[in-house]
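Novice: Handing you this structure, nothing more for now.
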Amino acid sequence: MMRKSIVLILTLVVAFTLAACGKNNTESGGAGASSDSPSPGSSAESSAPASGEALSGTILAAGSTALQPLVEAVAAKFMDDEKYKDISVQVQGGGSGGGLTQVQAGQVDIGNSDIFAEEKFKDADADKAKELVDHQVAVVAMATVVNPQTGVDNLTKQQLNDIFSGKVTNWKDVGGADQKIVIVHRTASSGTRKTFENFALGGPSQDLPGSIQDDSSGNVKKMVAETPGAIGYLALSYLDDTVKAVKYEGVEANVDNVASGKYPVWAYEHMYTKGEPSPVVKAFLDYMLSPEAEKDVIDGGYIPTSQMKVVRDVNGNVTNK
Amino acid sequence: MKARAADRVATGVIIGMASLIMLVLVGLIAYLLFRGLSHISWHFLTSPPQSIKAGGGIGPQLFNSLYLLILTMLITIPLGIGAGIYMSQYAKANQLTAFIRLVVEVLSSFPSIVIGLFGLLVFVNLFHMKYSLAAGALALTVFNLPLMVRVTEQALNGVPREQKEAGLALGLSRWKTISSIMLPMAFPAILTGTILAAGRVFGEAAALLFTAGMTTPRLDFGNWNPLDSHSPLNPFRPAETLAVHIWKINSEGRAPDAPEIAAGASAVLIIVVLLFNFGARWLGRAIYRKFTATK
Amino acid sequence: MNAPVRSVEAAGDRVARFPQHKREEWIGRLYAYACVALLVVTIFSIVWFIASKGLTPFVSGAIRFSDLLFGRVWKPEGEPALFGALPFLAGSAYVSFLAAAIASPFGFCAAVFMTQIAPKLGRTVLQPAIELLAGIPSVVYGFVGLSVIVPFLREVFEGQGYGILAGSLVLSIMILPTITSIATDALHTLPAGLKEGSFALGATRWQTIYRLILPTTLPSLLTGIVLGISRAFGEALAVQMVIGNAPFVPTSLLQSAATLTSIITLEMGNTIGGSLHNNTLWSLALILLMMTFLFVFAVRFLERRAKR
């Protein structure tokens, strides 16, 4: 205990010294007062206005790195909006797990996640997921991608299963060139991998010796593009000419097919709050779904939830809207 | 004659291997500069990054790296010099000193990712600093402190004994002798060591992933109030440094020009490291010359 | 940094009076002692915090320590979840030993070059170059590994390029400065008479190096190598970028593998704090920490041998 407090005191001393050092140009404006707090998590609730006055406060969102660019782009627009100019939004990465942990612990206001909280909080932690409120802000679809030289342009669910279970190890067995298959998988904890396994393969897959793993879409794209015979999966937003997106059961991975429910490999992007959001946070979450934000959603390669003609629940059951 | 031939061959091999090392270094730097330099422009160095569109820069990241370096050094230098003074002047040759020496050695060999995780646990979570510059600076302090201690200790040990004895003979206290005679003498060595350590801090990424975070809020460079959350000087805001940025765009880069940005940022990083290296060398030599000429 | 400089100017010729003299000494001592105390506190809190997190899976009985150490299957999301860290231990060990094996001859040769063959050229060119190698950030090494070494290996060996060999090559450049600088120090401290005696007896330079210098400096060289291995063992980002990250005990140099550090970097953010999976990652960090202690003690042991 003693040690902890010594470290703490020293930290404080240092922090104050720093604050003092840089104070030569201080503007003592009243506007900054509410956002001065170093702990944005608590400040968001602190300044809810009574009537229709401008909202002010700080919002801290953290989590999924896949969702981060979108939230950042929308947050920038949100803060430029005259109505919300006193609200400051900070977006951090740290991964879906980190985001959910932090929002559950009350350290951040919004936890960004690629998958349902129920899938992460399991067994003993299952109750924790119940405290979180889900806000689905976009849909992200994934395409199976292969190195352009493999010579395939369609794979069935069965073929994908054969490839990812190691039953088929050469592209010629699934109608491609005579080339060894190199699997580029995601790490076991990845949300992208879960989505791919659940909706493309239909169940968990094994890691195979010799497969490559990474958790970042950028690396996966690079690996698939450069490694002969490689197969992987990427969000639609990452697709370009360097990799070839193959059809799934004859259905092309594109926005229309996802929206109509024909192409099944997609997932929601979630922004979780602990309990119902405060007015400030709610304003931002509403903005995420507004027509203003929709352009960013589409530009970012996501699909706005408003375009979806189907909905899917936690257990993966798809129903028409 | 056989021995002579073997000698010649061996010498050739040794020279060959030494040249190969030079070749690798030159190749490495040439490659980085070749790939990156064409992308570096004033715009690139000053504008904020773009997450989805092309044309983003590394302005905030560069600022964060420098600012974090300053913060870290502000904490590290006084602590490191204090501990270095102890190690070189006050430590008695006993078990305790041996133990402290072990501590410094262990601390300096901890993998940076372990220090990053410790920072996550203690600074970020326990002290509620969140992902912030302050947490990053403290983690980097842990990482840098042993180096600083060693630099100070060696520099003080390098001060001639006579100088110290002269001070003590004048009736100065030990502390006074250390602070006003020995430290100034040791200053060039400490400075050189510090700059080299700074280069290491500048390029560190693994310890920062979990402490300073991987994002930078929008910064208002007209606002220099260190307590305002938009101010670049606020030590409690998250900050992505240049090294972390390189790691992030290599892995999650969505911008179409991500490879060029990675190359450009790497080139900037390497240039800064080169500057630190040559700067330290040059400064050390210049100060040494000045000191030896005047004294 | 400012304090001592300013106090120089302030000190001037002023003669310290006795009470001030004493007070000064007290404050100075207190400051130096506090700094050292902080160092000790830091190391204990690192060990304490990492251990308290890393031991939870064993304390709660969810995993047995031996299962973690010797389990060959890492299936954290499987049913049932399996946490075998042997692949990562093996991966870390392979890359760091291989890196040391590649770097050691280079380090030794560079040291010999700098001390025995061309001291002037060595001091002005090679030494700064090697120090520069030490200063290059690890992400830059990773970036170069990713864009040069991996494609190169793919061309030469026909495979994916990612794997143990790529990781080892990147690491070997990173640990070369450590090995070189310690070898150079060891060669420098060699008594001059030893070498001259050998030359006087008619031995060639190579014979002197091979028969005399190498055996006498071997313990110090080993120290350098162990330090290099230790650094390689803990390196995270550069390795993670090029090794491929498949959680299997590799059977070939060109096969994708994972290390303790790479799995921590990849999965820490994706797992829920407090979950078994997350806690197990902390256990891996604890293993990393323990390995550091092991390396430090190995280095100390070797140093003591070198001194004898």
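The values are calculated or read from the model by the stated rules, or taken from the named source; none is laboratory data. Computed from a predicted model, the values in this text were never measured in an experiment. Backbone-built Cβ (ideal geometry, glycine too); neighbour counts: all protein chains shown.
Yes/no per residue for (1) part of a loop (DSSP other than H, G, I, E, B); (2) surrounded by fewer than 24 Cβ atoms within 10 Å (Cβ to Cβ); (3) within 14 Å of chain C (Cβ to nearest Cβ):
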{"residue": "A:65", "(1), (2), (3)": "yes, no, yes"}
{"residue": "A:92", "(1), (2), (3)": "no, no, yes"}
{"residue": "A:96", "(1), (2), (3)": "no, no, yes"}
{"residue": "A:99", "(1), (2), (3)": "no, no, yes"}
{"residue": "A:108", "(1), (2), (3)": "yes, no, yes"}
{"residue": "A:125", "(1), (2), (3)": "no, yes, yes"}
{"residue": "A:129", "(1), (2), (3)": "no, yes, yes"}
{"residue": "A:134", "(1), (2), (3)": "no, yes, no"}
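Novice: Still on this model: Answer with yes or no whether residue C:98 is away from chain B (no Cβ under 14 Å) and either farther than 30 Å from residue C:273 by Cβ or within 20 Å of the chain's Cα centre (by Cα) (or both).
Specialist: Spelling it out, residue C:98 is indeed away from chain B (no Cβ under 14 Å) and either farther than 30 Å from residue C:273 by Cβ or within 20 Å of the chain's Cα centre (by Cα) (or both).
Let's see how each residue does on (1) acidic (Asp, Glu); (2) facing another protein chain (nearest Cβ under 8 Å); (3) crowded, with 24+ Cβ neighbours inside 10 Å:
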position: C:73; (1), (2), (3): no, no, no
position: C:111; (1), (2), (3): no, no, yes
position: C:115; (1), (2), (3): no, no, no
position: C:127; (1), (2), (3): no, no, no
position: C:136; (1), (2), (3): no, yes, yes
position: C:159; (1), (2), (3): no, no, no
position: C:168; (1), (2), (3): no, no, yes
position: C:189; (1), (2), (3): no, no, no
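Novice: Can you report the number of residues in region A:222-237 which are surrounded by fewer than 23 Cβ atoms within 10 Å (Cβ to Cβ) and either over 19 Å from residue A:201 (Cβ atoms) or within 11 Å of chain B (Cβ to nearest Cβ) (or both)? Talk me through it step by step, then tell me what you get.
Specialist: Of all residues in region A:222-237, those surrounded by fewer than 23 Cβ atoms within 10 Å (Cβ to Cβ) come to A:225-229, A:236-237.
Imposing the further condition that a residue be either over 19 Å from residue A:201 (Cβ atoms) or within 11 Å of chain B (Cβ to nearest Cβ) (or both) reduces the set to A:225-229, A:237.
Going through region A:222-237 one residue at a time, the tally reaches 6.
Novice: Additional query: State whether one or more residues within region A:195-214 are in a strand (DSSP E or B), among the β-branched types (Val, Ile, Thr) and crowded, with 18+ Cβ neighbours inside 10 Å. Step through it out loud before you land on a result.
Specialist: Taking region A:195-214 and keeping what is in a strand (DSSP E or B), we get A:212-213.
Now restrict to residues that are among the β-branched types (Val, Ile, Thr): A:212.
Of the ones still in play, those that are also crowded, with 18+ Cβ neighbours inside 10 Å are A:212.
Yes: region A:195-214 contains one or more residues that are in a strand (DSSP E or B), among the β-branched types (Val, Ile, Thr) and crowded, with 18+ Cβ neighbours inside 10 Å.
A quick yes/no check of all residues on (1) without any contact (Cβ under 8 Å) to a residue 12 or more places away in the chain; (2) crowded, with 24+ Cβ neighbours inside 10 Å; (3) out of contact with any strand residue (DSSP E or B) (no Cβ under 8 Å at 6 or more places or on another chain):
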| residue | (1), (2), (3) |
| --- | --- |
| B:58 | no, yes, yes |
| B:62 | no, no, yes |
| B:68 | no, yes, yes |
| B:80 | no, yes, yes |
| B:91 | yes, no, yes |
| B:96 | yes, no, yes |
| B:101 | no, no, yes |
| B:116 | no, yes, yes |
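Novice: In region B:190-221, how many are aliphatic (A, V, I, L, M) and either in a loop (DSSP other than H, G, I, E, B) or away from chain C (no Cβ under 14 Å) (or both)?
Specialist: Count: 4.
Novice: Here's something else I'd like to know. Working only within region B:250-269, note down all residues that are over 15 Å from residue A:218 (Cα atoms) and either in a loop (DSSP other than H, G, I, E, B) or in contact with a Pro (Cβ under 9 Å, 6 or more places away or on another chain) (or both).
Specialist: Scanning region B:250-269 gives B:266, B:269.
Novice: In region C:192-210, which residues are within 11 Å of chain B (Cβ to nearest Cβ) and part of a helix (DSSP H, G or I)?
Specialist: Going through region C:192-210, the residues within 11 Å of chain B (Cβ to nearest Cβ) turn out to be C:202-210.
Of everything in region C:192-210, those that are within 11 Å of chain B (Cβ to nearest Cβ) and part of a helix (DSSP H, G or I) turn out to be C:205, C:206, C:207, C:208, C:209, C:210.
Novice: Does residue C:28 satisfy the criteria of being under 20 Å from residue B:88 (Cα atoms) and either modelled with pLDDT of 85 or more or in contact with a Gly (Cβ under 7 Å, 6 or more places away or on another chain) (or both)? Break it down stepwise before answering.
Specialist: Numbers: under 20 Å from residue B:88 (Cα atoms): yes; either modelled with pLDDT of 85 or more or in contact with a Gly (Cβ under 7 Å, 6 or more places away or on another chain) (or both): yes.
Answer is yes for this residue.
Novice: Okay, moving on. Of all residues in region B:222-233, which are facing chain A (nearest Cβ under 8 Å) and within 24 Å of the chain's Cα centre (by Cα)?
Specialist: B:226, B:233
Novice: Next question. Output the number of residues of region A:210-221 satisfying the condition of being facing another protein chain (nearest Cβ under 8 Å) and of a type in the set (A, V, I, L, M). Break it down into steps so the answer makes sense when it comes.
Specialist: Taking region A:210-221 and keeping what is facing another protein chain (nearest Cβ under 8 Å), we get A:210-219.
Filter once more, keeping what is of a type in the set (A, V, I, L, M): A:212.
Residues meeting the conditions: 1.
Novice: Out of (1) over 30 Å from residue C:29 (Cβ atoms); (2) free of Cβ contacts under 8 Å to residues at least 12 places away in the same chain; (3) basic (Lys, Arg), the odd one out for residue B:176 is which?
Specialist: (1)
Novice: Hey, can you tell me all the residues within region C:293-305 that are surrounded by 14 or more Cβ atoms within 10 Å (Cβ to Cβ) and in contact with a Pro (Cβ under 7 Å, 6 or more places away or on another chain)?
Specialist: C:302
For every residue, the table says whether it meets (1) under 19 Å from residue C:101 (Cα atoms); (2) within 9 Å of another protein chain (Cβ to nearest Cβ); (3) surrounded by fewer than 23 Cβ atoms within 10 Å (Cβ to Cβ); (4) modelled with pLDDT under 85.
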{"position": "C:215", "(1), (2), (3), (4)": "yes, no, yes, no"}
{"position": "C:219", "(1), (2), (3), (4)": "yes, no, yes, no"}
{"position": "C:225", "(1), (2), (3), (4)": "yes, no, no, no"}
{"position": "C:232", "(1), (2), (3), (4)": "yes, no, no, no"}
{"position": "C:236", "(1), (2), (3), (4)": "no, yes, no, no"}
{"position": "C:239", "(1), (2), (3), (4)": "yes, no, no, no"}
{"position": "C:249", "(1), (2), (3), (4)": "no, yes, yes, no"}
{"position": "C:256", "(1), (2), (3), (4)": "no, yes, no, no"}
{"position": "C:259", "(1), (2), (3), (4)": "yes, no, no, no"}
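Novice: Kindly evaluate residue C:51 against the criterion of being more than 7 Å from chain B (Cβ to nearest Cβ) and assigned to a helix (DSSP H, G or I).
Specialist: Numbers: more than 7 Å from chain B (Cβ to nearest Cβ): yes; assigned to a helix (DSSP H, G or I): yes.
Yes, satisfied.
Novice: Filter region A:182-194 down to residues that are outside any strand (DSSP E or B), out of contact with any helix residue (DSSP H, G or I) (no Cβ under 6 Å at 6 or more places or on another chain) and away from chain B (no Cβ under 14 Å) and give me whichever is nearest to residue C:242 (Cα to Cα).
Specialist: A:188
Novice: Right, here's the next one. Taking residue C:96, is it in a helix (DSSP H, G or I) and assigned by TED's automatic domain parsing to the domain that holds residue C:255?
Specialist: Values: in a helix (DSSP H, G or I): yes; assigned by TED's automatic domain parsing to the domain that holds residue C:255: yes.
So residue C:96 passes the test.
Novice: Do we find a residue being within 8 Å of another protein chain (Cβ to nearest Cβ), of a type in the set (Ser, Thr, Tyr) and within 17 Å of residue C:289 (Cα to Cα) anywhere in region C:40-48?
Specialist: Taking every residue of region C:40-48 in turn, at least one turns out to be within 8 Å of another protein chain (Cβ to nearest Cβ), of a type in the set (Ser, Thr, Tyr) and within 17 Å of residue C:289 (Cα to Cα).
Novice: Criterion first (at the interface with another protein chain (Cβ under 10 Å from one of its Cβ atoms), in a helix (DSSP H, G or I) and in contact (Cβ under 8 Å) with a residue 24 or more places away in the chain) does residue B:247 satisfy it?
Specialist: yes
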